[in-house]
Amino acid sequence: MSLAESPSPSPSPSPSSSSGSDDFAALLDSELELASAADSASPGNPSASPTTDDEDGEEDSEGEDEFEEDVKAEVLEQNGVKRRRVEEQHQDQGPSVRPEKIATGSSKNVPVGVCPHPGYFGGLCFRCGKPQDEEDVSGVAFGYIHKGLRLGTSEIDRLRGTDLKNLLRERKLVLILDLDHTLINSTKLHDISAAENDLGIQAAASKDDPNRSIFTLGSMQMLTKLRPFVQKFLKEASNMFEMYIYTMGEKAYAIEIAKLLDPGNVYFSSKVISNSDCTQRHQKGLDVVLGAESVAVILDDTEYVWQKHKENLILMERYHYFASSCRQFGFGVRSLSESIQDERESDGALATILDVLKRIHTIFFDSAVETDLSSRDVRQVIKTVRKEVLQGCKLVFSRVFPNTTRPHDQMIWKMAEQLGAVCCADVDSTITHVVALGSRTDKAHWAKCNEKFLVHPRWIEAANFRWHRQPEEDFPVAAPKEKSTDKENDVAVQKEKGEADENAVATATDQTDS
């Protein structure tokens with residue numbers, strides 16, 4: 001079976017796991033096994049429903065399809081009354097929804113006409129067994145948990161409510177992790193540059209070294225580089241968060257990268273979401289996550305794909321290791337791989353963001369706050385922590401924006417305000433920073449005369465990525481080079497001299513003609 005055909009890894013439920021997706025996956029697995037055993041033990045049933053038990057945590061798609069057909073056949077034989085009960089009468093039954101608490105068997109005690117159809121599995125309502133094609137089906141598909149699984153809005157809300165109670169009991173939040181340019185950087189083999197070839201990048205990826213951070217994805221003809229500190233990041237983050245992978249990449253690619261990041265299937269289990277799971281084209285959404293938005297933190301390098309959830313987003317500084325990645329984003333510089341360099345683990349992007357996540361977690365679960373945990377919102381915590389970054393700074397911008405635009409509408413202005421700075425249009429004695437592209441403006445001159453900080457707009461961008469006020473001296477506004485000025489003057493002098501010579505020649509010609 002090819003990776004492209006394989007479903008998401010089957011969950012390995014852990015007693016300590018409270019994730020809604022793991023919980024539901026375990027629940028379905030257990031119920032189907034119990035239903036199969038009950039059928040095989042019942043009189044007149046010639047065969048038992050097939051089950052699969054793959055040690056690598058992946059289900060065989062053909063076996064799953066056959067199983068779904070068997071389920072449908074059984075439903076028809078029993079007049080469509082096969083109960084797939086996954087709810088517990090909408091009550092919280094302890095630290096998680098446990099499979100052993102789910103009732104199975106004939107649904108003749110539950111009239112089909114009044115079944116709320118909480119969801120479908122294999123095309124059948126998992127409560128009453130009614131085929132999906134006979135109903136006006138709404139809800140969301142959760143194929144990454146189980147192939148053919150679709151949940152209705154009320155069931156999603158119920159599971160999220162249960163999951164929220166379990167998470168808060170364990171003092172955990174939800175963390176959504178992007179892959180490319182956030183945790184890893186990948187390149188196609190045919191995109192490897194000549195310099196990377198000369199440095200033996202492919203050979204390094206093929207070495208049998210347990211400590212290596214670069215890998216070959218043979219079936220996809222790709223190389224993948226893990227971002228420095230990623231393993232320590234995942235280990236520490238898992239103590240504070242239930243973690244999901246959410247990528248716009250293909251499912252097969254997502255599963256392969258998940259194996260590299262989580263070879264023991266400890267962190268993500270069934271929580272690997274790919275582009276085929278999205279409900280809106282070119283957009284990511286928390287609608288396919290069985291975790292409440294009020295406790296969800298997102299790490300991604302692209303803001304655009306999270307239009308509906310920007311308040312949950314922590315924007316990551318992009319990781320460009322390979323030359324193809326630099327070319328993709330228009331950087332005409334040598335890549336990290338070509339320069340034989342990499343981010344530092346100690347103060348790189350992931351180490352920096354881990355500190356931010358720890359602070360967010362600490363504030364959210366602060367016992368000194370009187371508000372009940374269930375009513376707290378991590379989005380407000382993110383906003384609070386972000387506003388601390390440039391708190392106390394009062395900025396004025398000098399020729400950073402076009403004259404035809406409103407400064408208040410510009411991204412860099414809004415970014416500075418989100419970081420806690422106060423932005424002004426004019427200078428006064430309370431201004432702390434003048435943000436400019438050049439040093440020859442009146443405001444830049446005022447900053448020098450009044451001993452204020454004169455910084456490049458990149459100072460704000462760096463603070464946004466690093467979540468700390470950066471040293472102003474690292475972001476100077478470059479003064480025009482004297483050599484360039486001299487050269488410009490020389491060109492002007494030559495031009496004037498040339499024009500004078502031309503005038504002299506013209507005058508002489510006129511005099512000769514006359």
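The values are calculated or read from the model by the stated rules, or taken from the named source; none is laboratory data. Being a predicted model, the structure only gives us computed values, none of them experimental. Virtual Cβ from ideal backbone geometry, glycine too; neighbours counted across all protein chains shown. Each accessible area value is taken on the protein alone, full model and side chains, heavy atoms only, with ligands, DNA and RNA left out. Shrake-Rupley method; radii C 1.70, N 1.55, O 1.52, S 1.80 Å.
Would you confirm whether or not the stretch 399-417 contains a residue that is closer than 20 Å to residue 303 by Cα, touching an Asp or Glu at 6+ places or on another chain (Cβ under 8 Å) and open to solvent by 70 Å² or more (accessible area, probe 1.4 Å)? The answer is no, given that none of the residues of the stretch 399-417 is closer than 20 Å to residue 303 by Cα, touching an Asp or Glu at 6+ places or on another chain (Cβ under 8 Å) and open to solvent by 70 Å² or more (accessible area, probe 1.4 Å). Restricting attention to the stretch 232-259, which residues are surrounded by fewer than 19 Cβ atoms within 10 Å (Cβ to Cβ) and closer than 30 Å to residue 362 by Cβ? Once the filter is applied, which keeps residues that are surrounded by fewer than 19 Cβ atoms within 10 Å (Cβ to Cβ) and closer than 30 Å to residue 362 by Cβ, the stretch 232-259 yields 232, 235, 236, 238, 239.
Hey, can you tell me all the residues within the stretch 451-479 that are of a type in the set (D, E, K, R) and within 15 Å of residue 415 (Cα to Cα)? Selection gives 458, 461, 466, 469. May I ask you to verify whether residue 243 is in a loop (DSSP other than H, G, I, E, B) and either within 17 Å of the chain's Cα centre (by Cα) or touching a residue at least 60 places away in the same chain (Cβ under 8 Å) (or both)? Spelling it out, it is not the case that residue 243 is in a loop (DSSP other than H, G, I, E, B) and either within 17 Å of the chain's Cα centre (by Cα) or touching a residue at least 60 places away in the same chain (Cβ under 8 Å) (or both).
Tallying residues that are surrounded by 21 or more Cβ atoms within 10 Å (Cβ to Cβ), within 11 Å of the chain's Cα centre (by Cα) and under 19 Å from residue 250 (Cβ atoms) within the stretch 276-310 yields 2.
Could you list, in sequence order, all residues of the stretch 343-389 that are of a type in the set (A, V, I, L, M, F, W, C) and under 20 Å from the mean Cα position of the chain (by Cα)?
Correct list: 349, 350, 351, 353, 354, 356, 357, 360, 378, 381, 382, 385.
Tell me the residue from 227, 171, 160 that is touching a Gly at 6+ places or on another chain (Cβ under 7 Å) and either in contact (Cβ under 8 Å) with a residue 60 or more places away in the chain or closer than 30 Å to residue 309 by Cα (or both), please. Explain how you work it out, then say what you get.
Values: 227 fails: touching a Gly at 6+ places or on another chain (Cβ under 7 Å); 171 fails: touching a Gly at 6+ places or on another chain (Cβ under 7 Å).
Just one listed residue meets the conditions, 160.
Results for (1) assigned to a helix (DSSP H, G or I); (2) more than 25 Å from residue 373 (Cβ to Cβ), shown as yes or no for each residue.
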residue	(1), (2)
144	no, yes
150	no, yes
158	yes, no
161	yes, no
164	yes, no
171	no, no
176	no, no
190	yes, yes
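The one condition from (1) of a type outside the set (Ser, Thr, Tyr); (2) touching a residue at least 12 places away in the same chain (Cβ under 8 Å); (3) farther than 30 Å from residue 450 by Cα that residue 366 does not meet is (2).
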